[in-house]
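Notes follow once the structure below has been shown.
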Amino acid sequence: MNTYDLVIRNAMIHTMDRDKRVINRGNVAVQGDRIAWVGEDLPDRCRGIQEIDADGMILFPGFIDTHIHIFQSFLKGLGADHRLIEWLNLSALPYGQIMTPRQHMLAAQLACMEALKSGCTSICEFFYTNQDPDLAHACIEGMRSTGIRSVFIRTFQDTGEEYGMPSIFIEPADRAMHEVEALRKRYHEDDMLSIWTGPDVTWSTTKQGYQTMLEYCQSENVRYSMHLKETEVDNEMCFRYYGKDIVDLLEEIGFLTDRMLAVHCVNLTPDDIRRFAEHGVSISHNPAPNLYLGSGIPPIPENLRAGVNVALGTDGAASNNSTDMLETMKLAALIQKGIHRDASVITADQVIRMAACGGARAIGMEDRLGTLEIGKKADMILFDPRHLKSFPNHDAEATVVYASSEENIDATIVNGKIVYRKGNFECGITETELLREIAVEVEKMKAKMQG
Ligand SMILES: [Zn+2]
């Protein structure tokens, strides 16, 4: 008798592998953290310590949210209907200065549990409230407590007061790299937690700052991410100080590499896209905040055609108001169809690939994540289309991208463990209890802001 840790029977399986293999009625076996079997049949006389009969459900690789600011989960709706710089000064920047470690921890649980509930198995936290190292520890602790796979990006700002960057966030880049190093030593990175760094935004980074960070990342083989060309302000600052376009500056200092994850990229030129493809830069496309802040719509089909790897992100909940990957996927498809006046310019299959395989490549884990194949990490979701919004289901990919919501996610499996199933979280935190604790902390946060 072959005994596996988990066996999922009778699911429609979208492997998202190179051959786009779909198994109409198949089985998956998991041993430890890995997929041990995917196929129409299972090995003879096989059983699972845990078994799920997935009859009527669809199995997909887990989605990867490549950009979020977790503390903003406490700030939903603040600064609504303002453009980026004004919005930042009404929400993220003032509140980011006063939130406590406990509030960061609860925000992490809120964001990660919503992510798990919307089919996301990995999340990349872009962390920039660096005034107190305990805030980072609390955020990491909160992420890890939910069972989600995490990338923690400890960023830095070494200028930017004239654009409103609070002085308590600003520090020299070499000191920031010291902090990154301390985090890497403390948390002993593994496949469940990676530590990266990155400049926050172009208007809060000096040329020397980019260079210091780059030297550290090259010598330590660390990946990095940054907000790039989200609005015209990014270039305005760069022209004023360095007399050139930000992508020109980054290319000149050797910053454009396959370790880089560029976020937003609304205003990329055809020449930028060509260089991203040439250097292997990945993009994190965040459609909700780009629309919400009126920043614009990035040239995603153009990037895909040029061979640039595109992943998806939700961004902070202060500029999205949720951490919902399913909604992000729908927006990513619809806005491109609309502005190009071409329904075929981006397909449901391409959007799911961005969320799964594109995300895996963007975080340097395409050999372990992004598809359902033997030997890969068992990160996957069971999607149940039998709900009013999503039934009948004629085309599984169209259903996921255009007609889904949290209620469709029956199970979320991370690293071989069922971390979410039918409304319950394996970590033991209940939604009611979490919201009650957050309500108390939100009142304290508001009182501190007024006082
Ligand atoms: Zn962001």
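Looking at L261, L268, which one is within 16 Å of the ligand (Cβ to nearest atom) and buried (at least 20 other Cβ atoms within 10 Å of the Cβ)?
Details: L268 fails: within 16 Å of the ligand (Cβ to nearest atom).
So the residue among L261, L268 that is within 16 Å of the ligand (Cβ to nearest atom) and buried (at least 20 other Cβ atoms within 10 Å of the Cβ) is L261.
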Single unsatisfied condition, G359 versus (1) part of a loop (DSSP other than H, G, I, E, B); (2) within 16 Å of the ligand (Cβ to nearest atom); (3) under 19 Å from the mean Cα position of the chain (by Cα): (1)
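Please work out which residue is nearest to the ligand (Cβ to nearest atom), limiting yourself to segment 218-234 and to residues that are in a helix (DSSP H, G or I) and surrounded by fewer than 21 Cβ atoms within 10 Å (Cβ to Cβ). Steps first, answer last, please.
Looking only at segment 218-234, we keep the residues that are in a helix (DSSP H, G or I), and these are 218-220, 233-234.
In the following step, the residues that additionally are surrounded by fewer than 21 Cβ atoms within 10 Å (Cβ to Cβ) were identified as 218-220, 233.
Working: Q218: 24, S219: 27, E220: 24, V233: 14 Å.
Looking at the filtered set, the residue picked out is V233.
Would you check if R83 is at pLDDT below 95 and either more than 30 Å from K376 (Cβ to Cβ) or under 18 Å from the mean Cα position of the chain (by Cα) (or both)?
Details: at pLDDT below 95: yes; either more than 30 Å from K376 (Cβ to Cβ) or under 18 Å from the mean Cα position of the chain (by Cα) (or both): yes.
For R83, the condition - at pLDDT below 95 and either more than 30 Å from K376 (Cβ to Cβ) or under 18 Å from the mean Cα position of the chain (by Cα) (or both) - is met.
Conditions (1) among the aliphatic types (A, V, I, L, M); (2) within 21 Å of I148 (Cβ to Cβ); (3) touching a residue at least 40 places away in the same chain (Cβ under 8 Å), marked per residue:
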| residue | (1), (2), (3) |
| --- | --- |
| A396 | yes, no, yes |
| E406 | no, yes, yes |
| G416 | no, yes, yes |
| F425 | no, yes, yes |
| E431 | no, yes, yes |
| A439 | yes, no, no |
| G451 | no, no, no |
Search result, residues across segment 42-81 that are out of contact with any helix residue (DSSP H, G or I) (no Cβ under 8 Å at 6 or more places or on another chain) and either part of a strand (DSSP E or B) or within 16 Å of the ligand (Cβ to nearest atom) (or both): C46, R47, G48, I49, Q50, E51, I52, D53, L59, H67, K76
Hits in segment 181-203 - residues which are closer than 27 Å to Y241 by Cα, part of a helix (DSSP H, G or I) and not hydroxyl-bearing (S, T, Y): W203
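So, in segment 416-435, exactly how many residues are within 15 Å of F63 (Cβ to Cβ) and either out of contact with any strand residue (DSSP E or B) (no Cβ under 6 Å at 6 or more places or on another chain) or in a helix (DSSP H, G or I) (or both)?
Start the filter on segment 416-435 by keeping residues that are within 15 Å of F63 (Cβ to Cβ), which leaves 419-420.
From the residues that got through so far, the ones that are either out of contact with any strand residue (DSSP E or B) (no Cβ under 6 Å at 6 or more places or on another chain) or in a helix (DSSP H, G or I) (or both) too are none.
The qualifying residues number 0.
Listed residues I168, I195, I140, I148; which is surrounded by fewer than 15 Cβ atoms within 10 Å (Cβ to Cβ), among the β-branched types (V, I, T), under 18 Å from F71 (Cα atoms) and away from the ligand (no atom under 16 Å from the Cβ)?
On the way: I195 fails: surrounded by fewer than 15 Cβ atoms within 10 Å (Cβ to Cβ); I140 fails: surrounded by fewer than 15 Cβ atoms within 10 Å (Cβ to Cβ); I148 fails: surrounded by fewer than 15 Cβ atoms within 10 Å (Cβ to Cβ).
Of I168, I195, I140, I148, the one residue that is surrounded by fewer than 15 Cβ atoms within 10 Å (Cβ to Cβ), among the β-branched types (V, I, T), under 18 Å from F71 (Cα atoms) and away from the ligand (no atom under 16 Å from the Cβ) is I168.
When residues of segment 2-18 are filtered for being surrounded by 20 or more Cβ atoms within 10 Å (Cβ to Cβ) and in contact with a Ser or Thr (Cβ under 9 Å, 6 or more places away or on another chain), how many remain?
Matching residues across segment 2-18 total 2.
The values are calculated or read from the model by the stated rules, or taken from the named source; none is laboratory data. Just so it is clear, the structure is predicted and the values come from calculations on it, not from any experiment. Methodologically, a virtual Cβ is constructed for each residue, glycine included, from the backbone with ideal geometry; neighbour enumeration extends over all protein chains shown.
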